[in-house]
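First up is the structure itself, then whatever we jot down about it.
Every number in this text was worked out from the coordinates using simple rules, so none of it is lab data. Note that the coordinates shown come from a computational prediction; the quantities given were computed from them, not determined experimentally. All Cβ positions, even for glycine, are placed from backbone atoms using ideal geometry, and neighbour counts span all protein chains on display.
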Amino acid sequence: MSVSWLSRMLAVAAKDELVLAQAKKNKLTIYGARAIQKRLGFLSRPTYDYDVSARHPQREARLLEKQLDRIAQGDLFFSRPSEFHKGTHKVIYAGWDNKRETKDDVGIADFSRTGKICSQAIDGVRYACLSAVEKDKRKALSSKEFAFRHKKDAEDLERIKIYKRTFGYRRRR
């Protein structure tokens, strides 16, 4: 069965709402660049995927994949364990060629088990606190293992610093 281009576009467009709805319903925490984006607004760097903290990452990834496939009316999305991070499961859009593990695949969400993260609810969805994100970025910058991320993490820390200086950020209790 061929998937129409309209249902394909609807599924790709609905991915943001589906990830947020699932995070809200299952009380999952969104962290990483999306948490920074929610806090900083226009000051944040653009990002395309979601990093989600979940107790059962594989189950949550399969659930999101099934919801996206239902909207697309075909098997356009797939989930798999991450090659680099043990315990992380990725939901990936198969791209226009509809073949898995090719160059045109696009990551939708990464579900990981991160433990307890400081979070605050914004519009009913839990996002990691800026302090937790900042701590994570500093830790990654000090580690040689994450050298490939140093440019991104340094940029994020600089943007957080500008945000705090500009808007007089105070830590909420």
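For this structure, a couple of remarks:
- Potential extension, Lys144-Lys164 segment - 0.36 nm per residue separation minus Cα distance: 4.5 nm
- Segment 5-128, relative contact order [Cα under 8 Å, separation at least 6], %: 30
- Cα-Cα P(r), segment 77-119, percent of pairs per 10 Å interval: 29, 43, 21, 7, 0
- Sum of -39500 (n - 2.57) over DSSP H runs of 4+, divided by residues of the chain (222 nm, nearest 500): -14500 deg cm²/dmol
- Residue-wise HN-Hα couplings along segment 84-90, as the Karplus relation 6.51 cos²θ - 1.76 cosθ + 1.60 with θ = phi - 60° gives them from phi, are 9, 10, 5, x, 9, 10, 10 Hz; Gly and Pro carry x.
- Taking amide H positions as modeled 1.01 Å from N, with prolines and chain starts lacking one, the residues under 5 Å from Ala54 and 5 or more places away or on another chain are Ser112, Arg113, Thr114.
- The chain: projected area of the alpha-carbon convex hull, averaged over directions, in nm²: 10.8
- A quarter of the convex hull surface defined by the alpha-carbon atoms of segment 1-97 gives 7.0 nm² as the mean projection.
- For Ala109, the amide hydrogen comes within under 5 Å of the amide hydrogens of Tyr50, Val91, counting only partners 5 or more places away or on other chains and with H modelled in the peptide plane.
- Restricting attention to segment 103-173, the count of lysine pairs at 8 or more positions apart or across chains with alpha carbons under 25 Å apart stands at 28.
- Remark: spin-label model distance Ala154-Ser82 equals 2.3 nm, labels positioned 7 Å along the Cα→Cβ axis.
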